[in-house]
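Read through the structure below, which is laid out as structure tokens, and then see the notes.
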Amino acid sequence: MVTIMVSVLIAVVITLIGKWGWKVLNWAWLKPKKLEKWLTEQGYKGNSYKVLIGDMKEFATTMKGIKSKHISVSHDIVSHVLPFDHHIITKYGKRSYIWVGPIPRIYITDPELIKNILSRPNDFQKPHPEPIRDSITGGLLILEGSKWVKHRQIINPAFHLENIKNMFSVICWSCSDMIKKWELLTAGTGCVEVDVWPYIDNLAGDVISRTAFGSCYEEGHKIFRIQKQQIDLVLQLLFTLNLPGGRFIPTRANKKFKVNGNKQRLLLMSIIDKRKKAIEMGEDSTDDLLGILLKSNTKEIEEDGVGMSMEDVIQECKLFYAAGSETTSNLIAWTIVCLSLDQEWQTRARDEILTVFGTQELHFEGLKHLKILTMILNEVLRLYPPAIMVIRATHKETRLGDMMIPSGVHLTIPILNVHHDPEIWGEDATRFKPERFLEGIAGATKGKGSSCFLPFGGGPRVCIGQNFAMIEAIVAIAKILRRFSFELSSSYKHSPFPSFTLPPQFGVHLVLRMI
């Protein structure tokens, strides 16, 4: 009897090992090779598949290589920002791919195909799971299907133009506070050489802390500092990011990342809980992002019976920081760089601001008359988009154009490449030319449509906070231009670096002159 039981147990163990072994073999070798054959048949070219790691070793090596480098001051930045992708596309053409571990990732640069992908979010979803990305951003950025629809519906009121208008004075106050610090720097001599990037970065953190959490903005700043650390840690985890179970490897960066995540979560939970109780007692206003979100969520629960949980609200607040502060600080910084390099456009923008507002305080209604500044910001977003690529995945066989794409293929829309493509923007695609937006986006893309211009993504999942980001950038640049002229200092090192967005790795060193 015992012998029979032992035999049965051994048979079960062998069966389980065989089943598990077959799954691993299929995942690590058979399926990738099958997909490699399909890619070849479709005319796609790339490196041969390497078991488990794919192209990740070469990718990590090239990214590590650019971290310590800067380039000549030019807007031709694709080869620096995306060195490995640029190498593959240059070597194999636009119809090419890379291996992210055992997953092939094909490049999509055709405007019609891009439009098709972004307009079908249920067919082309974000790759899941991506634990590191998901733990930094969370919220709308990673949700899918009905849960995404529900959250978008609840959050939408927070970003209505009328509510942003109510936050306008807070945005202006934060910008004025930064200007005062710059005035102190230039006091006496009227001119100073300074790295303005820390000031701009802190400005974005201050604005999102005040507009998101109102009276709790001091705690909001603590969250902002943790968020910055998390993004820096991700850069240290580049090689392990795409390894199965990579986040569980007990490295110092992984441990710190986990500790920071817990700290951030507890801080947010405390703020949210405090605000909910204050609102219930009628002791707190609801005119900041968190207050509006909580009010909208309560209404949704009363009407539909289902809303956001505490964990859901925490994730959305994390996204306020990751998307809100990073996107805007980058836009302001690169606008200053571009206007430092083009004094004529700097003067034209300043003259327009003075014509619209004179020496009076900025007012919300006047922003729509800043046509030149809007053109400048659009051109900066084209040359230095906050999101340099969009990645989608197929979870079943899916038609795209004339292709039937198998399950398990990732699609990359390399926004930076598309924004710098001479076939779309002309031979001057790498030049700073705000006048290309004189007749709006349609005129700039020469009839190829808005899917060629994707600084905030596109389709139904377009960034919910794009109006907020643009208004904050307009206010900041307008206040700076009225008070200062500027040019790049000799110590400036040009190095747009891809992290969560596209920050200036070595800062923005200016010669700043008070007007």
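To the nearest ten degrees, helix 197-213 and the longest principal axis of the Cα atoms of the chain are 80 degrees apart.
For Lys23, the lysines whose Cα comes closer than 26 Å to its Cα, not counting residues fewer than 8 places off in the same chain, are Lys31, Lys33, Lys34, Lys37, Lys50, Lys57, Lys126, Lys396. Here the range 41-514 is assigned +1 on the Cβ of each Lys and Arg and -1 on the Cβ of each Asp and Glu. Its dipole about the Cα centre then comes out at about 1260 debye. Peptides 201-213, 167-179, 62-74 ranked from most to least packed give 201-213, 167-179, 62-74, packing being the mean of other C-beta atoms within 10 angstrom over each peptide's residues. DSSP assigns beta bridges within the range 41-514; of those with both partners inside it, close to 85 percent run antiparallel. In the chain, the DSSP-assigned H stretches of four residues or longer account for a calculated mean residue ellipticity at 222 nm of -17000 deg cm²/dmol, using -39500 (n - 2.57) per stretch and the full residue count as denominator. As a calculated quantity, the FRET efficiency between Ser68 and Lys256 at R0 = 22 Å, using C-beta atoms, amounts to about 0.50. For the peptides 408-419, 150-161, the ranking by packing is 408-419, 150-161, with the highest mean count of neighbouring Cβ atoms within 10 Å listed first. Pull out a ≥ b ≥ c, the square roots of the eigenvalues of the alpha-carbon gyration tensor of the range 37-140, then state rounded if a/c is under 1.5, prolate if not and a/b is larger than b/c, and oblate in the remaining case. Rounded shape, in that the Cα axes give a/c under 1.5. Treating the angle as unsigned and between 0 and 90°, give the value, to the nearest 10°, between the Cα long axis of helix 2-25 and the longest Cα principal axis of the chain. That works out to roughly 40 degrees. Cross-link pairs exceeding 19 Å between alpha carbons, from the set Lys228/Lys255; Lys181/Lys222; Lys371/Lys479: Lys181/Lys222. When you filter the trypsin sites (Lys or Arg not before Pro) in the range 255-320 for DSSP loop state and at most 14 other Cβ atoms inside 10 Å of their Cβ, nothing is left. Estimated from the Cβ-Cβ distance and a Förster radius of 30 angstrom, the FRET efficiency linking Ile14 and Phe248 is about 0.60.
Picking from Ser96, Thr251, Val24, whose Cα lies most toward the positive end of the charge dipole for the chain (charges on Cβ: Lys, Arg +1; Asp, Glu -1)? Selected residue: Val24. Axis angle, to the nearest 10 degrees, between helix 31-41 and the longest C-alpha principal axis of the chain: 70 degrees. In this structure the amide hydrogen of Phe506, modeled in the peptide plane, comes within under 5 Å of the amide hydrogens of Ser495, none closer than 5 places in sequence on its chain. The modelled label-to-label distance between Asn47 and Glu423, using points 7 Å beyond Cα along the C-beta direction, is 2.5 nm.
FYI, it's all coordinate maths here, none of it is from the lab. Given the structure is predicted, the values throughout are model-derived calculations rather than measurements. So basically every Cβ, Gly included, is an ideal-geometry build from the backbone, and we count neighbours across all protein chains shown.
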